[in-house]
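Novice: Got a structure for you, written out below as structure tokens; questions coming shortly.
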Amino acid sequence: MTTEAVMAGAPAVSADSTTSRHESTPGTLPASADDLRTLPARWWSRHRVLIRLTDALALTAAGAAASATPLARSGGEAGPAVVPVLLAVVAGWLIALEWHKSYDWHLFGGGMAEYRRVLGATWKTFALVAIAAWLTSFTGVREVVLVAFLLGTASLLGVRFAWRRRILRLREQRAACVTDLVAVGHRAQVSRVVERVTAAPHHGLRVVGACVPAEEAGPGDLIDGIPVLGTPDEAGEAAERAGAGAVVVSGSQEITSDVVRRLGWALEERGIELMLTTELTDIAPPRVSVSRVPGMSLLHVAPPRFTGPKYVVKQVMDGVLALVLTVLTAPVIAVLALAVVLTSRGSPFYVSERVGRDGRIFSMVKLRTMHQHADRVVPVLSADDGAGVLFKMREDPRVTSIGRVLRRYSLDELPQLFNVLAGHMSLVGPRPPLPHEAAEYEERMRRRLLVKPGMTGLWQVRGRSDLSWEETVRCDVYYAENWTLHLDLLILADTARAVITAKGAY
């Protein structure tokens, strides 16, 4: 498994089962280079060619657009040099994209790593070009190259986003662009791999077979609906028969480094990838690095940090965006508050005590969606319906007619922008808990309180109230320990989609 996939807690996988397989005798190496060229072509092979082509077209178009600007025409003596310089920049840019492994198939379809590699290649290319421009006297070319970089960066990200959306649609609608996987390990480990992969179909992974020790299951047995294809020693042949593109191995006493090494040799001759799982779940890739000592590789896991420069950036971003959103939505809040007053008795706003960062209590404000004194009947209702320490009913009799509309599209939460401006909340963060909920938190749950609660978060974009209590906690703890600016921006973008579709809202 790739390091990024492993750290996300999701196992890895293989190629489309409809692809051709390399016909070779088990245990033998290809006889020549011609034999190596007959190894199976996976779905990502075609995609990689297409994305390279569209990247080249996007950068060429950006260069052409930059060369047509008035800056290029006013370049004086440097004018004739614009075109060859731009061609050289485009060529170097494409080489940098290759060098940074932005065409690695493991990146296609999910996560932020693909965008990070594209931006990393872009930044280094720009730095080299800037140094070269500083050393030359072609002042007219510098401005044109800067425009080309701005247009090219936007074009690259747009192209990658479009391809990603296409892959996700194919996975959702046709179960295409997936990689089939054979899981190797003890029965419980295989079951865990199946559970994780099945829970995240958008990652394009699909378990098609399992190999477990002979005493735990025999060929033809099923593990969570997945057929047992053999023992760990037979994983290479089993993966080839199943048309798998990868074998993922969970370590144990029986599966030693020597077993994994021999399995890697067997998979190499069949064009099948070897992936290893770890028990490092819910740890984001940026916190993990690898170093080597003789005879082993060491994974370094950086401790989560809850202070420092990146949190200053987060606070600044919260303040600026909250101020802009407050100005834009103030008329909407006023109209909705009037609608609440006209349709039910009581104040248009509901103020609730919530637990913030480090356990501090603050008053959170929302538009009222329930009848007055609705909290008095919670003990009666919670006896019949609820989820862990979180009380939430799909058909709550306390909700008003206008309140159902406000909840469906999360409009009742707009006044929380004032809490963000006051510094009690963040735009993105864990769900703000009630004091009695926080009082029942175990140690793991209390880690949600290490950061400010948010108006939206992973719990919002992954299903809102449809999530179980356990999954809600997992989302919040993962966010608290692995926050990045990229993740915040991604959550804010996904929140708009979640609100529009109203999935999981009640």
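The values are calculated or read from the model by the stated rules, or taken from the named source; none is laboratory data. Please read all numbers here as calculations on a predicted model, not as lab measurements. Please note: Cβ atoms are built from the backbone with ideal geometry, for glycine as well, and neighbour counts cover all protein chains shown. We work out accessible area using only protein heavy atoms, side chains counted, and drop any ligands, DNA or RNA first. Shrake-Rupley method; radii C 1.70, N 1.55, O 1.52, S 1.80 Å.
Novice: So which of ARG462, ARG398 is within 18 Å of VAL351 (Cβ to Cβ) and surrounded by fewer than 21 Cβ atoms within 10 Å (Cβ to Cβ)?
Specialist: Only one candidate qualifies: ARG398.
Novice: Among the residues in region 163-185, are any at pLDDT 90 or above, farther than 30 Å from CYS211 by Cα and among the hydrophobic types (A, V, I, L, M, F, W, C)?
Specialist: yes
Novice: Filter region 258-281 for residues that are closer than 22 Å to ARG444 by Cα and surrounded by 14 or more Cβ atoms within 10 Å (Cβ to Cβ); which is modelled with the highest pLDDT?
Specialist: Among those residues, the one meeting the criterion is THR278.
Novice: A further question on this structure: Residue check, ILE361 against (1) under 21 Å from ARG408 (Cβ atoms); (2) at pLDDT 95 or above, all met but one. Which one?
Specialist: The number of the failed condition is (1).
Novice: Being within 26 Å of the chain's Cα centre (by Cα) and either crowded, with 22+ Cβ neighbours inside 10 Å or part of a loop (DSSP other than H, G, I, E, B) (or both) is the filter here, so list the residues in region 431-451 that pass it.
Specialist: The answer is ARG431, PRO432, PRO433, ARG448, VAL451.
Novice: Moving to a separate point now. For region 284-321, how many residues are open to solvent by less than 70 Å² (accessible area, probe 1.4 Å) and at pLDDT 80 or above?
Specialist: 16
Novice: Run down VAL499, VAL428, VAL473 and say which single residue is among the β-branched types (Val, Ile, Thr), open to solvent by less than 30 Å² (accessible area, probe 1.4 Å), in contact with a helix residue (DSSP H, G or I) (Cβ under 9 Å, 6 or more places away or on another chain) and at pLDDT below 85.
Specialist: VAL473
Novice: Can you name the condition, by its number, that PRO232 falls short on among (1) open to solvent by 10 Å² or more (accessible area, probe 1.4 Å); (2) closer than 30 Å to GLU172 by Cβ?
Specialist: The one condition PRO232 does not meet is (2).
Novice: Let me ask another. Might you let me know whether region 210-224 holds any residue that is over 21 Å from ILE255 (Cβ atoms) and assigned to a loop (DSSP other than H, G, I, E, B)?
Specialist: Scanning region 210-224, I find at least one residue that is over 21 Å from ILE255 (Cβ atoms) and assigned to a loop (DSSP other than H, G, I, E, B), so the answer is yes.
Novice: Go through region 218-262 and report how many residues are touching a His at 6+ places or on another chain (Cβ under 9 Å) and over 19 Å from ARG42 (Cβ atoms).
Specialist: Count: 4.
Novice: Filter region 308-343 for residues that are over 14 Å from LEU485 (Cα atoms) and β-branched (Val, Ile, Thr) and give the result.
Specialist: VAL320, VAL324, THR326, VAL327, THR329, VAL332, ILE333, VAL335, VAL340, VAL341, THR343
Novice: To continue, here is another question. In this structure, does LEU97 turn out to be touching a Lys or Arg at 6+ places or on another chain (Cβ under 9 Å), within 17 Å of LEU53 (Cα to Cα) and either part of a helix (DSSP H, G or I) or not polar (S, T, N, Q) (or both)?
Specialist: Yes; evaluated as a whole, the condition is true for this residue.
Novice: Also, quick follow-up: Mind listing whichever residues of region 332-347 are open to solvent by less than 80 Å² (accessible area, probe 1.4 Å), farther than 16 Å from ARG404 by Cβ and not small (Gly, Ala, Ser)?
Specialist: Across region 332-347, the qualifying residues are VAL332, ILE333, VAL341.
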